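Take a look at the structure below.
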Amino acid sequence: ERPLPKTLVYEVGMNCQDLGKILHRSPSELVKKLFMLGIMANQNKSLDKDTIELLAASYNINAKEKKHEDLSDIDKIFQKEEKNTKYEEPRAPVVTIMGHVDHGKTTLLDHLRHSHITSGEAGGITQAIGAYQLKHNGKMITFLDTPGHAAFTEMRARGADITDITILVVAADDGVMPQTVEAIDHAKAAKTPIVVAINKIDKEGANPQHVAQQLTQYGLIPEDWGGNTMFVNISAKVGTNVDKLLDMVILQAEVMELKANPKQHAAGSVIEARLDRGQGPVATVLIQQGTMHVGDPIVVGDTYGRVRTMHDEFRHAVKTAKPSTPVEITGLNDVPEAGDRFVVFDDEKSARSVGEKRAEESQMEERKKTNTVTLDNLFDSLKESEKKEVDIIIKADVQGSVEALASSLKKIEVKGVKVNIIHSAVGAISESDVALAEASHAIIIGFNVTPTPSARSQAKNSNVDIRLHRIIYDAINEVKSAMKGKLAPVY
Ligand code: GDP
C-alpha cells in the first residue's frame, strides 16, 4: 500500500473514485470509511466540502481545497483560447451569403453544394447540417448554409462572430433593393469584408453595370473603378463564373491571413441545434480554435456533456475536427441555441460544474443583458467603455426624414463622442433592425414609424432601446441629452 499524501488537495464535488486516486486508496475503502463516519455514499457520489475534510481527518492528514480560476465565464475562457497565437496555422475562411429575397442566395448555395463538394461524393450533400466545406484549387472554404442577414445577426447578438467574408448577391435584373442595403449594413456592422456577386447575368434585361453603379452609393466600389471591393458577374443557375467567385473569396481570405491554433482545446460556436428522438440533443458546431476529439468534455452555452459522436456534412463519422470545420455532435445534456459558444475542458468534472453553474445562473436571470446600450444608460456606458461613438439605427416614414435625421445626428458631438449611423432606411422597425441593434449595441430611433408587433416583443426581450418621435428636433435633443447624461427621467 502506497503512503498517504501529507495533504489532501481536493475539489468540492469529487467522489470516492477521484479521492481514492489522490489518497492511493481503493474507492471501496473510502466508502467504508465514510460509512464508519456515519455518511452513506457510493463510489460515484459527489462529496461536499465537510465530508471530504472529515474523510481526510479520519486518515490524520490535512485537507486543502484546490482553488482554480473561476471557470464560469465561458466568454473569458473562449477569448483566452482564442488569443493563444503561438502555434497558429492558416485556416479556411467562413463565408455567409446575403442579399435581397429572390436574388439567388439559395440557388448559389445549392450550386456550390452539388458541384464543388470536397471528396467527389456522389449526389453531394443530401441532408444539410447548417454548414459545409468545399475545396477550390486546393483551398478549403466553409459555407454557412442559412443564407441571409437575419440568422447572421442573431448569431452575432448571441456573441458568435463567426463569419469572415460576406458574399453579397444582387440580381442583375432587379438591382439594389431594401434587403440588399440591410445586408450591406449588417456586414459592415460586423466588420466583415464583402465580395459582390452580381447574379442572374444569363437573364435578358440583366444590367450588371447599372447594379455596380448603384452599389457605389453604399461604399462598394469595384477595383476597376479605383475601389477595393471585389465584384464578379455570375449566374448561380447556370454556374457561370462561380469558380471566379470562389477565386475572389480565396484571394480575400489570403489578404486577411486567417489563422487558428489547432493544438489547443477546441472552442467555437453553435450553428444550429435540435433534439433528435434517437440521439438526443444534436448540435452542429463550427470549430474556431483548436481540435475537437470524440470524448472531449465540453460546455456549450448553458449546457454541457462529453462529445459522444462527431459527423461531417456527408454524415461520415469523424474522430477529430480542426479549425473552420463544421461538425455535428451528440452527447450534450440539453439542446443549445444557435450562436451559443462552446469550450472544451480538461476534464469532465470542470465541464460539469461550469455547465451546471451556467444553467443555474441562466435559470435565475434568464440571460444577462448588461451590455445592451439604452439612452438611459448611455452616459455611463460611454464613460465605462471609453467608446467614441454612439451607434444608432434610423427608421423613418420617408427618405427625406431619414436623411434629415441622419445628417443632424451625425453633427452631434459631446466631449469627443460622435454619433455613428449603422443603418438607416424607410419603413417600420423590423425584427432584423432589433437584431442588428442588439448585436451592435445600437439604439433605434423611429421617426413617424412604429415597430412591428414581433419587433416590439423582440426588443423587449433583448432590452433594445427603441425611441419613437414625430419631431426631428426632439429626437436630436434626446440623443444629445443622453450623451451628456442629462436625460429627463421618464415616469
Ligand atoms: P433567394 O431568395 O435569394 O435564396 O433566391 P433563390 O435562390 O430562391 O432564387 C430565386 C429565383 O431566382 C429562383 O426561381 C431561381 O431559380 C432564380 N435564379 C437564381 N439564380 C439565377 C440565375 O443565375 N439566373 C436565373 N435566370 N435565375 C436565377
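The values are calculated or read from the model by the stated rules, or taken from the named source; none is laboratory data. Keep in mind that this is a model prediction, so the values were computed, not measured. Neighbour counts run over all protein chains shown; Cβ positions are idealised from the backbone, glycine included. Please note that ligands, DNA and RNA were not included when accessible areas were found on the heavy atoms of the full protein model with its side chains. Shrake-Rupley method; radii C 1.70, N 1.55, O 1.52, S 1.80 Å.
Miscellaneous remarks
- Selection status of V255, open to solvent by 70 Å² or more (accessible area, probe 1.4 Å), within 16 Å of the ligand (Cβ to nearest atom) and among the β-branched types (V, I, T): no
- When D185 is tested against the conditions (1) farther than 21 Å from S269 by Cα; (2) within 15 Å of the ligand (Cβ to nearest atom), the lone failure is (2).
- Taken over the range 194-211, the residue count meeting the criterion of being crowded, with 19+ Cβ neighbours inside 10 Å and out of contact with any Phe, Trp or Tyr (no Cβ under 6 Å at 6 or more places or on another chain) is 10.
- Residues considered: D161, D110, D102. Of these, the only one that is outside any strand (DSSP E or B), modelled with pLDDT of 90 or more and either among the charged types (D, E, K, R) or over 16 Å from A183 (Cβ atoms) (or both) is D102.
- Breaking point among (1) at pLDDT below 95; (2) open to solvent by 30 Å² or more (accessible area, probe 1.4 Å); (3) not hydroxyl-bearing (S, T, Y), for A267: (2)
- Picking from residues in the range 212-235 that are within 13 Å of the ligand (Cβ to nearest atom) and closer than 24 Å to A92 by Cα, the one that is surrounded by the fewest Cβ atoms within 10 Å (Cβ to Cβ) is N233.
- Matching entry among G301, G355, G339, G290 (being open to solvent by less than 10 Å² (accessible area, probe 1.4 Å), modelled with pLDDT under 80 and either within 16 Å of the chain's Cα centre (by Cα) or small (G, A, S) (or both)): G355
- Total residues in the range 427-467, condition assigned to a strand (DSSP E or B) and free of Cβ contacts under 8 Å to residues at least 40 places away in the same chain: 3
- Contact annotation: residue pairs with Cβ atoms under 6 Å, 6 or more positions apart or on different chains, pairing a residue in the range 46-64 that is among the hydrophobic types (A, V, I, L, M, F, W, C) with a partner that is part of a helix (DSSP H, G or I), are A63/E53; A63/A56.
- Elements of the type strands (runs of 3 or more DSSP E) sitting completely within the range 236-339 and holding at least 2 residues that are under 19 Å from V94 (Cα atoms) and touching a Pro at 6+ places or on another chain (Cβ under 8 Å): these cover 267-276, 280-289.
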